[in-house]
Amino acid sequence: METVIIKIKNTEMESQKAIQTAGEVIRSGGLVAFPTETVYGLGADALNPQAAHKIYEAKGRPSDNPLIVHISNWEDLGKIAANVPEQAKKLADKFWPGPLTMIFEKTKAVPFETTGGLKTVAVRMPSHPAALALIKAGGGFIAAPSANTSGKPSPTQARHVAEDMQGKIPMILDGGPVGIGIESTIVDVSEGIPTILRPGYITLDMVRETAGEARMDPGLSAGDVNIPPKAPGMKYKHYAPDADLILVEGASRNVQEKINSLAKEASKAGRSVGIIGTDESCCNYQYGIVKSIGTRKDEDTIARHLYGILREFDGQGVDVIYSESFSTPGIGQAIMNRMLKAAGYQVIKA
């Protein structure tokens, strides 16, 4: 299969034609990768069981890992969600369109192939103009996980999608780099108290300020293999580079000294080393390939560059990556959630 990559700009007539063509691919049961404000998604008709199956096949994704259904209008939610509680309406008023996914009891319109066999459905309304236009052109309901090989770092640029999906899907819409860089916050509103199943740009404090009582799922990082995942990213290893990723936690100076020590030892053993630091700390590392993930003065830059840096190290063929930790307030929890999963929970205390 030939994969066509089309660059799009919101105001250009050619881009509008490309989105209409992509919509026709979706309607006919095909797959299209497209930009959102979080990461690039791999889209298919959410109400078509065969189309959902194609997503799992292209990604190599376990079929019990649910897909998120993307909509472009509030009115469409009632077609796929059997019950919309008041807290969900408040959250939608505040954060839709935007990087928030909510889980509802599903209607019969949504096939179990899309929900991973669950009686609930995850729904999001993205804010990226191209994503909204494609959803409308594609029939209103697009199932779209991240457009990468399952388990690998999510794509934040079209070329990342091409690295994993070239020859597997017919079309990639190239909207340039994404804005946020990590996946949406997932909040379960199907059972009483709104519960965050995956942290993201929308934090627990923000959910509480809007909907009242809310909580983090107690099993968020446990990854119990005996429990079906209710949301993407809860059960399987995600976001992982080819290299062995190890996180180092502690006071800044201690972390830098520990990483230098580990990198020196690994280098002497003949292993190719990568180091993830920040604008403030990279100058203090003495071994291996050192990359800055951003600045601690603006944690959004860290989220934006995370997956891209992991993919860069893949391209350079390093054997092991040592990274500083980023347990900062706000989006820091979401960043560490992704990094811990990418590292397989390998953490060294400095």
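Restricting to the stretch 219-272, and then to whatever is small (Gly, Ala, Ser), under 28 Å from Ser63 (Cβ atoms) and open to solvent by 50 Å² or more (accessible area, probe 1.4 Å), can you tell me which residue is modelled with the highest pLDDT? Ranking the qualifying residues of the stretch 219-272, first place goes to Ser221. Residue count for the stretch 302-318, restricted to those that are surrounded by 17 or more Cβ atoms within 10 Å (Cβ to Cβ) and of a type in the set (S, T, N, Q): 0. Considering the stretch 178-198, the residues that are without any contact (Cβ under 8 Å) to a residue 40 or more places away in the chain and not aliphatic (A, V, I, L, M) include one that is most open to solvent (accessible area, probe 1.4 Å), namely Glu191.
Which members of the stretch 267-283 meet the condition of being over 31 Å from the mean Cα position of the chain (by Cα) and not hydroxyl-bearing (Ser, Thr, Tyr)? Correct list: Lys268, Ala269, Gly270.
When you look at Met171, is it over 18 Å from Leu100 (Cα atoms) and open to solvent by 10 Å² or more (accessible area, probe 1.4 Å), yes or no? It is true that Met171 is over 18 Å from Leu100 (Cα atoms) and open to solvent by 10 Å² or more (accessible area, probe 1.4 Å). The set of residues in the stretch 273-301 being open to solvent by 40 Å² or more (accessible area, probe 1.4 Å) and out of contact with any helix residue (DSSP H, G or I) (no Cβ under 7 Å at 6 or more places or on another chain) consists of Asp279, Glu280, Cys283, Arg296, Lys297, Asp298, Asp300. Of the residues making up the stretch 74-128, not one is closer than 14 Å to Ala211 by Cα and touching a Lys or Arg at 6+ places or on another chain (Cβ under 6 Å). Scanning the stretch 29-38 for residues that are open to solvent by less than 10 Å² (accessible area, probe 1.4 Å) and either under 19 Å from Gly181 (Cβ atoms) or out of contact with any Gly (no Cβ under 9 Å at 6 or more places or on another chain) (or both) yields Gly29, Ala33, Phe34, Pro35, Thr36, Thr38. Do we find a residue being of a type in the set (D, E, K, R), open to solvent by 50 Å² or more (accessible area, probe 1.4 Å) and out of contact with any helix residue (DSSP H, G or I) (no Cβ under 9 Å at 6 or more places or on another chain) anywhere in the stretch 340-349? There is no residue in the stretch 340-349 that is of a type in the set (D, E, K, R), open to solvent by 50 Å² or more (accessible area, probe 1.4 Å) and out of contact with any helix residue (DSSP H, G or I) (no Cβ under 9 Å at 6 or more places or on another chain).
The values are calculated or read from the model by the stated rules, or taken from the named source; none is laboratory data. If you're wondering where the values come from, they're calculated on a predicted model, not measured in any experiment. Reconstructed Cβ throughout: ideal geometry from the backbone, glycine too, with neighbour counts over all protein chains shown. Only protein heavy atoms, including side chains, enter the accessible area calculation; ligands, DNA and RNA are left aside. Shrake-Rupley method; radii C 1.70, N 1.55, O 1.52, S 1.80 Å.
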